[in-house]
Amino acid sequence: MARARRKRKTNKRQLSFRMGINDERIPKLFGVLLLFFATYLFIAFTSYLFTWKHDQHFLSGTLWEFLGSSGGNVENWLGRLGVLVSDFFFRWLFGLPSYLLVVLLVISGFASINRTPFSKVWKVIRNMVLITVLLAVIFEFFAGPSAQFPWGGAVGEGISGWLVGFVGKAGTVVLFLVFLALLFIWNFNPSLQDLTPEKIKYEATQFFQAIFYGKKWRKPKKKWNPDGLDTVENVIDKPEVEVNTLKPTFKEAYDNKTETNTANGEFGKDVSIKPSDPVELGEQLKFELDEAGNRIPKKKKDVLAVGGDSQLEINSPLNNAINNPIPEGPISVQQENKRHVEPYDPTLELSMYEHPVLSLLESYEDRKVEIDRAELEQNKDQIIETLLNYKIEITKIKATIGPTVTLYEIVPAPGVRISKIKNLEDDIALSLAALGIRIIAPIPGKGTIGIEVPNKHKQIVSLKEVLHSEKFKNAKMDLPIALGKTISNEVFVADLAKMPHLLVAGATGQGKSVGINTIIMSLLYKKHPSQVKLVLIDPKKVELFPYSKIENHFLSYLPGEDEPITTETNKVVHVLNSLCIEMDQRYDLLKKAHTRNLREYNKKFVDRRLNPQKGHKFLPYIVLIIDEFADLIMTAGKEVELPIGRLAQLARAVGIHLIIATQRPSVNIITGVIKANFPARIAYKVTSKIDSRTILDAGGAEQLIGMGDMLLSVGADLIRLQCAFVDTPEVEKVLDHIADQKGYPQPYFLPEFHGDDEEHGASGLKLSELDEHFDDAARMVVQKQSGSTSMLQRTMKLGYNRAGRIMDQLEAMGIVGPARGSKPREVLFFDEME
């Protein structure tokens, strides 16, 4: 009994302690105390600057004498305690830079009051402490040991004295400069190309602003203008309300020699930029367009008399902006065009984003081998001899060396039947003692017959080599993917947007997962986070898990999910149906904009011919990747097949593309609907000719040699490729490079979707079954006249499942209407009294 009572008392203490920790008043009280200490130190420090000489001799005695009444009258505004505290910070710590600790206390105080996570203010605290110590050392170094005022305090004096004694005065100055440069590079990773004094000034300003105000700090700042005309721009962290200036911004103006063009999918191509070019600025104002993009008749141009009868036309964007001030309130498309003379840039919110560099990938130079010419001659003789044994003469033979196989092209003598050579496939393989002989009779577009013979020593095609090729760098494609090299040793780059969907199949261990990584890495290297989003489904839970690092850059998933990679079957059904909702919403936008596909729609939006206040926005491409499709079909069946079929038929025009991979290319997995809408297919080595015909509608995949050897079927063409190889450590390096950069405040969420079990599961409720937060949720929904699961989550700090149950209960009780996709539910009551 006594033990039970002690246990209950202990549980009560623990419960009260947890309640005290979670009490919202405690961080607010703590923040107020920090602000009080900051104010106290500021007053004490400021007073110390004027009274330190007079108050200094009071500190010569003992501490008890100073604190007692016999210490005399001090002049510090905060009395003896103010003298003691300020002298401690100035003389025994950091000297004059101690003022930065006051700023640090203010930042921490407001962060505590606003309950800002410590991880978001940690960088500011770290930078502030480093700058405080560095300034203390610099002040003490230049003031010298003879100075009476403690410019750098004991910390600065100690470190400065040791540095001067160790590396000398000149070496100390060099160390100061090196430390500042390292700190600058570590925080901002700046581009060091085309350095100019203006650019250095701009980067330094941004550096110190970020140190004192934090990484996400923004304020209205004056933009440098090459023509001497000042413009003001308010930089906001939302792309749809980004305000561009009438003249080129500083970042465009200082880099007027060359600039890497990544907005249209190109990188590594120098594009000439002339900020003062009048065509770029005045061209868009020659006519106006309505929402649908139709031209509106021009008004008469304004003219300005320039003496006599001569007149000068005024058609500059600056004059239009001055003579036609922008009214407040809703903005029409024409008014938007007047105040935004530059095209909309979707990459502006993450303008500092840097694409991954090729040095993060391995080249595998040490594992490359050369083809022995003697091997080629031997194979050629064996082929000729085998054909002669069956009385088949040839007039010409030519070899094309590839990384994995060598293609021997033969021209048969007149009168030789092609089918006769085709039937000798096994005999030629026997004579060459090679596995995976494949005969192409005839080669499309050529008057020859091809015999593919595997090389004894295979070359590794590294992803670095493929991405470094000019073919990939200069690819003008919407979604370029570098798959590998052909048998003629040429880099093969395809456009996923034109495929438009890709079906991948192959036995276990033949390179299927490496191929998916190659496709994803191609998109990450080529595209900006604003241009493409990935929806990843991985029933095996281990293949695509590393990509969760870049959820705020490239990933898209349902709101409220704990993991950005979908692994559970029931959630996969929700994701697929949510993509169908996204597809329907995009079609509605395309209909309003009078466009036929995503490229035309985005071009209209970039040209500022669509009004964002009417729901229009820049739409990124969405790529859905499913790693193990067979498992989903076996567990969910039609629930997965139906939305997949709908997306495959309709989603191409709105920029949603599918990549589906499976180990089992059987007819019950790859159905007729899927095959009909997936014209592009990749087959790695399979176990039987039946599987090859299922995936490719042709044989040949069973004769591949594995390790990335694959056949790509695009329409009627069948291309043999060696897939580019990328290892898991390389993938993690690239993902770390992206994850370390600033991302969007939140991922690109898909529309909410509620299945039949969730929408109707709350019917027939009793009052005793209602959630304890039901009353609060009902009042809040009625007051705001808007109801959604995410709003309950955010406002009431609930989990997604519990918030969804409460929303279902609100629907069952008749307070809100049914779900409407991504739109908030309709509230059926107008006030609490009703």
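The values are calculated or read from the model by the stated rules, or taken from the named source; none is laboratory data. If you're wondering where the values come from, they're calculated on a predicted model, not measured in any experiment. In this analysis, Cβ positions are derived from the backbone assuming ideal geometry, glycine residues included, and neighbour counts consider all displayed protein chains. Ligands, DNA and RNA are excluded from the accessible area calculation, which covers all protein heavy atoms including side chains. Shrake-Rupley method; radii C 1.70, N 1.55, O 1.52, S 1.80 Å.
Summarising the amide proton neighbourhood of Phe492: residues at separation of 5 or more, or on other chains, whose placed amide H is nearer than 5 Å comprise Leu483, Gly484, Lys485, Thr486. To put it simply, the accessible area of segment 360-436 at a 1.4 Å probe is 49 percent carbon and sulfur. Relative to the Cα centre, the charge distribution of segment 336-448, modelled as +1 at Lys and Arg Cβ and -1 at Asp and Glu Cβ, gives a dipole magnitude of about 820 debye.
A simple spin-label model places the labels of Glu365 and Ser488 2.8 nm from each other, with each point 7 Å out along Cα-to-Cβ.
According to the square roots a ≥ b ≥ c of the eigenvalues of the Cα gyration tensor, what is the shape class of segment 546-661, taking rounded for a/c under 1.5, prolate for a/b larger than b/c otherwise, and oblate for the remainder? Here segment 546-661 falls in the prolate category. Put simply, the convex hull of the Cα atoms in segment 444-515 casts, on average, a shadow of 6.9 nm². Judged by the gyration tensor of its Cα atoms, with axes a ≥ b ≥ c, segment 473-593 is oblate; a/c meets the 1.5 cut and b/c is at least as large as a/b. Over 28 Å apart at the Cα level, from the set Lys512/Lys603; Lys549/Lys675; Lys473/Lys512; Lys476/Lys823, are Lys512/Lys603; Lys549/Lys675; Lys476/Lys823.
Each residue, Asp381 and Leu430, gets one label point 7 Å from its Cα in the Cβ direction; the gap between the two is 2.1 nm.
Accessible area per residue was computed with a 1.4 Å probe on protein heavy atoms; Lys422 scores about 90 Å². Need one word for segment 522-563: rounded, prolate or oblate. Basis is the Cα gyration tensor (sqrt eigenvalues a ≥ b ≥ c); a/c below 1.5 gives rounded, then a/b vs b/c decides. The shape class here is oblate.
Computed over protein heavy atoms with a 1.4 Å probe, the carbon and sulfur contribution to the accessible area of segment 480-549 reaches 55%. Remark: segment 508-557 carries a charge dipole of roughly 80 debye about the Cα centre, counting +1 on each Lys and Arg Cβ and -1 on each Asp and Glu Cβ. Accessible area ranking (1.4 Å probe, heavy atoms, ligands and nucleic acids excluded), largest first, for Trp186, Trp122, Trp162: Trp186, Trp162, Trp122. What you get for segment 459-505, charging only the Cβ of Lys and Arg (+1) and of Asp and Glu (-1), is a dipole of about 40 debye around the Cα centre.
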